[in-house]
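*Asks:* Structure in structure tokens, see below.
The values are calculated or read from the model by the stated rules, or taken from the named source; none is laboratory data. The structure presented is a predicted model; accordingly, all values stated were derived computationally and were not measured. Methodologically, a virtual Cβ is constructed for each residue, glycine included, from the backbone with ideal geometry; neighbour enumeration extends over all protein chains shown.
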Amino acid sequence: MAMNVGAKLGNMRNAWWVPVVKVPGEMQYGHESSRLILLERTRPHSFMVNREGKRFTNEAGNYNAMGGVFHAFDPQKFEYPNNPCWLIFDHKHKTLYDVAGCPAGDNAPDWMIQSETIGELANLISVEPEILKATFERFNKFASKGEDPDFKRGESAYDTFNGDQSQEGVKATLQALTTPPYYAIKVEGGALGTNGGPKTDANCRVLSLNGGVINGLYAAGNAMAAPTGMVYGGAGGTIGPAMTFGYIAGISAANR
């Protein structure tokens, strides 16, 4: 609608990104639904690998920032090597924690790929077994020491906040996978919503492609080009800006 009256747009290639899992058969409003993967990848006894069988990020990191690593592009192969990826976890993780709506316990649904060995699990998810084994062994070696030299998982307070709060320190997020069988679920890049839209001035007046502003048109919240760009400030990070810029837009309109 803003474009129809000549508005400038901004931040159109970004969104509030989040990793998701599609559980077979789950529908919402007549369409295939997705589940946010926030806690599962943060809790101990788990890590994520890309289609090459390699870790590629701090699994416990902020979900919006993960949009960047999911959208990393390989121009030589002309593909996004990290999207989709796989969340790998062991039986201890499965018995302790819910996973994508599946309650904690011994029983795993059919869509959850599992195997007694990491090598066979690699074959089941079409990943090179030797590479996944090497990733598995390296992760376990350092996780057993409470370390992650590759991606610094567990070093920030944020990393442990969404982990297992019954564990102390880095163990809340970082522990080795030692209990077979091992499981894998496919994780894809998803979005909670877009954050592009009409560009505004400091008074929330929508800018015109022809210069100046469009008289009488204001934007705020997720309907405007996000003032934070691609960055997400944290939980509730859309609510504060919506209240602030909504207030500014109201004052601007009242003063017009």
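*Asks:* I'd like the full set of residues that are assigned to a loop (DSSP other than H, G, I, E, B), more than 8 Å from residue 170 (Cβ to Cβ) and either among the small types (Gly, Ala, Ser) or not assigned by TED's automatic domain parsing to the domain that holds residue 177 (or both), limited to the range 137-154.
*Replies:* Of everything in the range 137-154, just one residue is assigned to a loop (DSSP other than H, G, I, E, B), more than 8 Å from residue 170 (Cβ to Cβ) and either among the small types (Gly, Ala, Ser) or not assigned by TED's automatic domain parsing to the domain that holds residue 177 (or both), namely 144.
*Asks:* Another question, then. Can you tell me which residues in the range 197-239 are in a helix (DSSP H, G or I) and either of a type in the set (A, V, I, L, M, F, W, C) or within 15 Å of residue 64 (Cβ to Cβ) (or both)?
*Replies:* Correct list: 222, 223, 239.
*Asks:* Pick from the range 1-47 the residues that are β-branched (Val, Ile, Thr) and either touching an Asp or Glu at 6+ places or on another chain (Cβ under 7 Å) or part of a loop (DSSP other than H, G, I, E, B) (or both): which of them is surrounded by the most Cβ atoms within 10 Å (Cβ to Cβ)?
*Replies:* Per the stated criteria, the residue is 42.
*Asks:* Another question about this same structure. Test residue 101 against the stated conditions and say whether it is out of contact with any helix residue (DSSP H, G or I) (no Cβ under 6 Å at 6 or more places or on another chain) and under 25 Å from residue 233 (Cα atoms).
*Replies:* When the stated conditions are applied, residue 101 does not pass them.
*Asks:* With respect to residue 50, is the statement that it is surrounded by 18 or more Cβ atoms within 10 Å (Cβ to Cβ), assigned by TED's automatic domain parsing to the domain that holds residue 169, touching a Lys or Arg at 6+ places or on another chain (Cβ under 9 Å) and among the polar types (S, T, N, Q) true?
*Replies:* So residue 50 fails the test.
*Asks:* Something else: Any residue at all in the range 76-91 that is under 19 Å from residue 163 (Cα atoms), at pLDDT below 95 and either surrounded by 20 or more Cβ atoms within 10 Å (Cβ to Cβ) or among the aromatic types (Phe, Trp, Tyr) (or both)?
*Replies:* no
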